[in-house]
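Presented below is the structure to which this report refers.
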């Protein structure tokens, strides 16, 4: 039994040594092939280096990365000018609050049931409830990226997409949304920015 065990261990060692030898021969062959490839490519690499000009290469990099692009002209902002053609949004009103840094609109109050009018011709783009505090809100889009906003209405009498003329009724003054009393919150926006309505409206 001892002789059989020794013979088996000897055969196992021979198999391991044979595998190591095969693996070593394979690695040596790969190294030889790599050396042959490097030696064969040395003349071509030398030629490329001989043609390489560091100065022109640096100039090319600077030219491609640091050239100032041609400026694109900015779109001019729409002109904001007073106009006497606009109508007053509510009649027999009194000022509750004017335009300021903290209140970018006018608050105009009148008796309950007073009609609210479009101040200029345009298209209704919003007409309904607003969750941000305006309550019942109508937004009209006019020319030159100008919009007028009418908030806190009690009732709305126009629909989104409807065309309106200056002086057309759009709703009834109310106190919906974040309002402390009856009034219309009247706001003018140009390209999304709030402007003092006094730039557009002349009191009748």
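Each of 129, 106, 149 has some number of other Cβ atoms within 10 Å of its Cβ, and from fewest to most they run 129, 149, 106. Cβ crowding within 10 Å, taken as a proxy for footprinting-reagent exposure, orders 202, 139 from fewest neighbours to most as 202, 139.
Spatially, the stretch 102-127 and the stretch 168-196 are offset by 5 Å when compared through their Cα centroids. The length gained by stretching the chain between residue 103 and residue 166 to full extension, at 0.36 nm per residue less their Cα-Cα distance, is 20.2 nm.
Note down the relative contact order for the stretch 132-198 as a percent, whole number, built from C-alpha pairs under 8 angstrom at least six residues apart.
Working: 128 pairs, mean separation 23.4, N = 67.
After rounding, I find 35 percent.
Exposure proxy for 183, 142, 195: other Cβ atoms within 10 Å of each Cβ, ordered fewest to most, give 195, 142, 183.
Applying 1/(1 + (r/R0)^6) with r as the Cβ-Cβ distance of residue 178 and residue 94 and R0 = 30 angstrom yields a FRET efficiency of 0.90. Could you give the nm distance between label points at residue 199 and residue 132, where each point is 7 Å from its Cα heading toward the beta carbon? Once both label points are built, they end up 1.8 nm from each other.
Every number in this text was worked out from the coordinates using simple rules, so none of it is lab data. Owing to the predicted nature of the structure, the values given are computational and were not obtained by experimental measurement. Note that each Cβ is placed from the backbone with ideal geometry, even for glycine, and that neighbours are counted across all protein chains shown.
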